[in-house]
Amino acid sequence: MIELRDLTKVYREGDRDRVVFRDVTCRIDAGEVVVLMGPSGTGKSTLLNLVSGIDLPTSGDVRVNGTSTTSLSERDRTVFRRNHIGFVFQFFNLIPTLTVEENLLLPLELSRRVGPTDHERARSLLERVGLADRSGTYPDRLSGGEQQRVAIARALVHEPQIVLADEPTGNLDTDTGRRVLALMDELVRGSGRTMLVVTHSPELVTLADRVFDLRDGRLEERSS
Ligand code: ADP
Ligand code: MG
């Protein structure tokens, strides 16, 4: 489902090159839940942004469901991302001026006309994350855990094959974080989707099919 081949990312800083990682190769199969760990600044967010096509590698190839996204135009990469990928962020990234339901429908509105079945799907997802009665509420009225549950529903509303999450519990207390991770795991596994999560949470390691560590510019799989 996700194939990274010899990915290298170098940032130019003044007249020096800063190598974030070099020759990262990895294959994630459909339906796998994979955790990516590593100290701050090692390139975990950069790697997720390469998988989603928000960012491009200095060299190497990213293949998602058979498509080489690194060779697409920026426009086509954006369309590909909107169709195939759902993203959950550390700071939720809900739009404050939109209600919960409007936030949920936004990923669909970006690519097409929204119809009655979409509203139905948004409602059913809100139910799954335990927020059916909050669809008309604005995000600032919700707790952090509730906002992240809305964000999880939003990441799934367009039925993406892949869910990427960048420290989704980094801004939540331990108990809330645990519940959010269990919910993500349940919703993603229940639908056979593939998930790649950056986290520092030891709980998710026990839920994951495989765990990778990114350190010193190399990606290493933990032996189970
Ligand atoms: P992590 O998510 O593991 O904490 P990041 O992927 O955010 O790490 O960043 C990896 C490294 O790349 C950091 O040293 C960061 O400063 C650097 N970096 C990230 N984005 C840029 C950028 N746009 N320009 C220059 N350096 C960057
Ligand atoms: Mg990061």
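Overview of results
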quantity: Qualifying residue in the range 42-58 (condition: of a type in the set (S, T, N, Q), away from ligand 2 (no atom under 16 Å from the Cβ), closer than 23 Å to residue 217 by Cβ and surrounded by fewer than 21 Cβ atoms within 10 Å (Cβ to Cβ)); calculated: yes
quantity: Flag for residue 153 being touching a residue at least 24 places away in the same chain (Cβ under 8 Å), crowded, with 22+ Cβ neighbours inside 10 Å and not aromatic (Phe, Trp, Tyr); calculated: yes
quantity: Residue list for the range 200-211, filter: in a loop (DSSP other than H, G, I, E, B), surrounded by fewer than 21 Cβ atoms within 10 Å (Cβ to Cβ) and not charged (D, E, K, R); calculated: 200
quantity: Test for residue 164: is it touching a Leu at 6+ places or on another chain (Cβ under 6 Å) and not in a helix (DSSP H, G or I); calculated: yes
quantity: Residues of the range 5-41 that turn out to be among the small types (Gly, Ala, Ser), surrounded by 12 or more Cβ atoms within 10 Å (Cβ to Cβ) and at positive phi, as a count; calculated: 2
quantity: Subset tally (residues that are modelled with pLDDT under 90, in a loop (DSSP other than H, G, I, E, B) and surrounded by 16 or more Cβ atoms within 10 Å (Cβ to Cβ)) for the range 171-199; calculated: 2
quantity: Only one of 220, 167 that is closer than 17 Å to residue 39 by Cβ, more than 18 Å from the chain's Cα centre (by Cα) and not hydrophobic (A, V, I, L, M, F, W, C); calculated: 220
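The values are calculated or read from the model by the stated rules, or taken from the named source; none is laboratory data. Here the structure is a predicted model, which is why all the values come from computation and not from measurement. Using ideal geometry, Cβ is built from the backbone for each residue, glycine included, and neighbour counts are taken over all protein chains shown.
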